[in-house]
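The values are calculated or read from the model by the stated rules, or taken from the named source; none is laboratory data. Owing to the predicted nature of the structure, the values given are computational and were not obtained by experimental measurement. Every residue, glycine among them, receives a Cβ derived from its backbone with ideal geometry; neighbour counts consider all protein chains shown. The protein model used for the area step is the full one, side chains on, heavy atoms only, and it has no ligands, DNA or RNA in it. Shrake-Rupley method; radii C 1.70, N 1.55, O 1.52, S 1.80 Å.
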Amino acid sequence: MTKDVKRYLVDSVNQQFNGTGLTIPSSLNDFAQQFGLYCEKKIDRLPVPEYVGA
């Protein structure tokens, strides 16, 4: 891969994932935390992140 391709991939991952302003990594982290709460029966529903993009 060239530097331009690598830069493009990193920039893509760091774009806003949905209307909350979270990036892909932060959305996955948030989902993992929610999943833990769901498994511990601290929440009844597991909110699944949805991509809202161009």
Item to check | Pair list, Cβ < 6 Å and 6+ apart or interchain, from the stretch 15-33 residues that are of a type in the set (A, V, I, L, M) to residues that are surrounded by fewer than 15 Cβ atoms within 10 Å (Cβ to Cβ) | outcome: 24/13
Item to check | Residue list for the stretch 24-54, restricted to those being more than 24 Å from residue 14 (Cα to Cα) and among the acidic types (Asp, Glu) | outcome: 40, 44
Checklist entry - Among the residues of the stretch 1-14 satisfying the criterion of being modelled with pLDDT of 85 or more and assigned to a loop (DSSP other than H, G, I, E, B), which is surrounded by the most Cβ atoms within 10 Å (Cβ to Cβ)? => result 14
Item to check | Unmet criterion (only one of (1) assigned to a helix (DSSP H, G or I); (2) open to solvent by 80 Å² or more (accessible area, probe 1.4 Å); (3) of a type outside the set (Val, Ile, Thr)) for residue 41 | outcome: (1)
Checklist entry - Among 36, 21, which is the only one that is in a loop (DSSP other than H, G, I, E, B) and either open to solvent by less than 100 Å² (accessible area, probe 1.4 Å) or small (Gly, Ala, Ser) (or both)? => result 21
